[in-house]
Every structure is written in C-alpha cells, then in structure tokens.
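Beneath this line is the structure, given in structure tokens, with notes to follow.
The values are calculated or read from the model by the stated rules, or taken from the named source; none is laboratory data. Predicted model only: the values in this text are computed from it and were never measured. Ideal geometry is used to build each Cβ from the backbone, glycine not excepted, and the neighbour counts take in all protein chains shown. Remember, those area values only see protein heavy atoms, side chains included, never the ligands or the DNA or RNA. Shrake-Rupley method; radii C 1.70, N 1.55, O 1.52, S 1.80 Å.
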Amino acid sequence: MNKEFTVEDRLKERVKELTCLYSISSALRKHQEDVQATLKEICEITKNAWRYPEAAIVHLKYTSFDIKIGDIPSAYIFQEGKLSDHQENIGNIRVYYDSAYFDTTDFLEEEQQLLDQISIEISDFFERESVKQREELLRRKEEHNDRLAILGEITAGIAHELNTPLGNILGFAELIHADNNDEQTKNDLDKIIKASIYSREIVKKLMFFACEMPHQKQAQQIKPIIEQALSLLGPNLKKAGISCQFTIDEENLVIPLDIIQFTQIIFNLVINAIYVSPPKSYIEILVSHTKETMLMEVKDQGPGIPKSLRKKVFHPFYSTKPLGDGSGLGLSVVHGIVKAHQGEIKIVDNIPTGSNFQISLPL
C-alpha cells in the first residue's frame, strides 16, 4: 500500500508520535491497580500512532501478560520493541500489518524509534511495579514480625504462669498414684498425669516459641546427629509400625549449627511424619549438598498437605490435627530454628503420595 509520503504527511506522523508518547505517559501516571487494563490502553494508543492505524495490529507479550489489539494474520510483517527488566524477564511489543496488502516500506524509521521508546516506558513501568511489590512484601513481613513479637511476649507470660500449677498437679497426682490401691482411682490418676505431661510439653513449646533461644552454632558432623535423633525416636516408629530410611551423600559432611535446635527439627518433623503415615509405610530422610548448601528432605507416605495450607502450617497455633492431638507449635518452632540458621524450609509433594519437607541450610 506504499504511497508517496509528503512533508505534510511526515509532520502529521510526527504529531501523532508526540501525542502517543504523551498519552502513554499519562496512562502510566494514572495507573492504579489493574496492570492488564493499563497495558491494553497503551496498546490501543500505540495502534493509533502508526501510519495506517485501521490496519495495524498490536501485540504485547511479557511474563504472564499477552495482549492483542486485533487478529494477527497468517502472513505478516512487523516492527518490534524489546521489553526487559532487572529481574531478567524479557518480552516484546510488536506492530503488525497483513503482508497481503503491505510491505516493509510501509513502516517508517521514525515508527521504529517510537516503538523503542514505548518499550523503554513499558519496561520502566514493570520495574516500578516490581519495586512496589517488593516494598509491599517487606511491609507485610514487618507487620507479621510485629504481631509475632507481641504474641511472643503474651505467650511467655502465659507459659510462665502455667508452669508452676502444672508442676504441682503432676507432682501431687504422682504421689497419690504411688500410695493408692483403688483401680478406678489409679485409672483416673493416670489420665490426670497423662494430661499434665501433655500440657507441660505444650508449655515447653510455648517457651521455645516465645523466647529468643541462644544459639551455640559450631561445625558439626550431620550424620551422627540425625542417627542419634532417629535412635531416640525408635520406640515411636516401632509402636506405629513404620520404618525410617536415612541416606546421606557424604559420610563426613560438616555444617555449622546448634545441635539441640537441629535435633528439635528432626524430632518435630519425624513425629509429624509418624502421625500421618499409614502402618507398614516408611519415612525417608535424605541429605545432599552442594558447594554452599545442605539440603535435608523428610518424606512421608501420608495423605499430603494441600497447597492452600502449606504456608499456614508454619503459623503458631495452627494445626491440622484434631483438638487435643497437637498444639500447633511444632512446625512454627521448626520454621523459627531454620530461619535463625539463615536457612529455608518448604513443603512439596512426595511422589507418589505424601509430603516432602525440604530444609536448606548454608554450609
């Protein structure tokens, strides 16, 4: 469709280009929440800035965004502007013509320059949105940490107040139990003692959760620590009819950690795995490492944890167990210990069934 391009035509195109840049800047300034709507508006503005707007098709593709203004023909020519940000995401914005009616001479050099400038504007927009998202995430984390700090203070006070009366209940119940010969009374006392011990364990976890535990991190061989923890958990595994397999990729792997706290991680994760595992199944503990990181995986063959709950289970007092079976503190304690060791913990699916708790710690 190439036609003679006069000076007057060039002036008109120049006005359209300047208007386009101004309109895009205005659209970006008034942007609120809907990124899709803002990008669609930019594509509409771009389409109207080209020499043949009624025939132009604009396509923007970037990360999860895929916006088309018009239908791309089977045979086409196009101009392209590249999109990128500091997160190494790449994309493009293209302006198409149907090659049945147009050829490359119908594109202007000034239009390519305009498209390059539009690409810069869009890339800067995405970078600003990314910064805003990071700032919002940090703000939420700070609010969450503030709530946890307040909760920790309240929890510490409650745990301290409960500790003394629980000790008295347990102590006197054991004394009466030792001197009592009535079978019914003994059964009742057994229930009191069992409930007191369970409550005392909750108080210990509350104290662990609430207090800033001192770290005594030293370089330790990881294999003996895990083997010792599994040895102590042997009766629990035997009673549940479950086996445990432990594999490590280097016998003498050494990592800086607090032995007591790391043992607490093993206890909590394996006891949870025992609780959800069907009889005659097995729990798997795998330890591997890279030059900088140790990865420990604790796999069970239970029903698994839905993706919607995988963040909630690390929150204090959240439990998927029936009332009385769990305090909801075990995994929050594990999460706190892992974070204190500058590590990460996440839950993924175990194949074919169950959960896989993955803990990475720096070497």
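Odds and ends about this structure:
- Relative contact order (%) - criterion: Cα under 8 Å, at least six apart; region: the stretch 10-97: 24 percent
- Potential lengthening between Ile90 and Ile259 on full extension [0.36 nm per residue; Cα-Cα distance subtracted]: 56.3 nm
- Within straight-line reach of Lys299, meaning a Cα separation under 12 Å, sit the following aspartates and glutamates at least 8 residues removed in sequence or on another chain: Glu284, Asp349.
- Antiparallel bridges, percent of DSSP beta bridges restricted to the chain (to nearest 5): 90 percent
- Sparsely packed GluC sites (Glu not before Pro) within the stretch 12-47, loop by DSSP, other Cβ within 10 Å at most 14: Glu33
- Simple Cβ-charge dipole of the chain, Lys/Arg +1 and Asp/Glu -1, about Cα centre, in debye nearest 20: 1120 debye
- Extension reserve of the Val348-Glu201 stretch, reckoned as 0.36 nm per residue once the Cα distance is removed: 50.1 nm
- q = 0.12 Å⁻¹: log10 I(q)/I(0) that the Debye formula gives for the stretch 1-107, counting C-alpha atoms only: -0.45
- Cα-centre dipole for the stretch 1-150 with unit charges at Cβ (Lys and Arg positive, Asp and Glu negative), debye to 20: 400 debye
- Residue among Leu257, Leu18, Leu286 with the largest mean-square fluctuation in a Gaussian network model of the chain, springs linking Cα atoms under 10 Å: Leu18
- Its relative contact order, with pairs defined as Cα atoms under 8 Å and 6+ residues apart, puts the chain at 10 percent.
- Think of the chain as a dipole: +1 on every Lys or Arg Cβ, -1 on every Asp or Glu Cβ, centred on the Cα centre; then among Asn272, Val298, Ala75, Asn272 lies furthest on the positive end.
- Straight-line cross-link reach from Lys191 at under 16 Å between alpha-carbon atoms covers these aspartates and glutamates, not counting any fewer than eight positions away in the same chain: Glu174, Asp182, Glu183, Glu201, Asp325.
- Cross-link partners for Lys16 among the lysines, with Cα-Cα distance under 30 Å and sequence neighbours closer than 8 places in the same chain left out: Lys3, Lys30, Lys40, Lys47, Lys61, Lys68, Lys82.
- The chymotrypsin sites (Phe, Trp or Tyr not before Pro) of the stretch 57-106 meeting both criteria, a DSSP state outside H, G, I, E and B (loop) and at most 14 other C-beta atoms within 10 angstrom of the site's C-beta, are Tyr101.
- Pairs beyond 27 Å (Cα-Cα), from Lys132/Lys217; Lys223/Lys346; Lys141/Lys194: Lys132/Lys217; Lys141/Lys194
- Projected label distance in nm at Leu138 and Ser26, using a 7 Å step from Cα toward the beta-carbon: 3.4 nm
- Modelled FRET efficiency - R0 45 Å, Asp34 with Val7, Cβ distances, 0.05 increments: 0.65
- On Cα atoms only, tilt of 109-179 relative to the major axis of the chain in degrees: 10 degrees
- Entry for mean projected area of the Cα convex hull in nm² (calculated from the structure that is shown) out of (1) 16.5; (2) 18.5; (3) 26.8: (3)
- Angle between the chain longest axis and helix 259-276 axis [Cα atoms, degrees, rounded to 10]: 90 degrees
- Assigned charges on the beta-carbon of Lys, Arg, Asp, Glu; the stretch 53-97 dipole about Cα centre (debye): 40 debye
- Estimated purely from DSSP H runs of n ≥ 4, each contributing -39500 (n - 2.57), the mean residue ellipticity at 222 nm for the chain is -18000 deg cm²/dmol once divided by its residues.
- For Val254, the solvent-accessible surface with a 1.4 Å probe is about 70 Å², rounded to the nearest 10.
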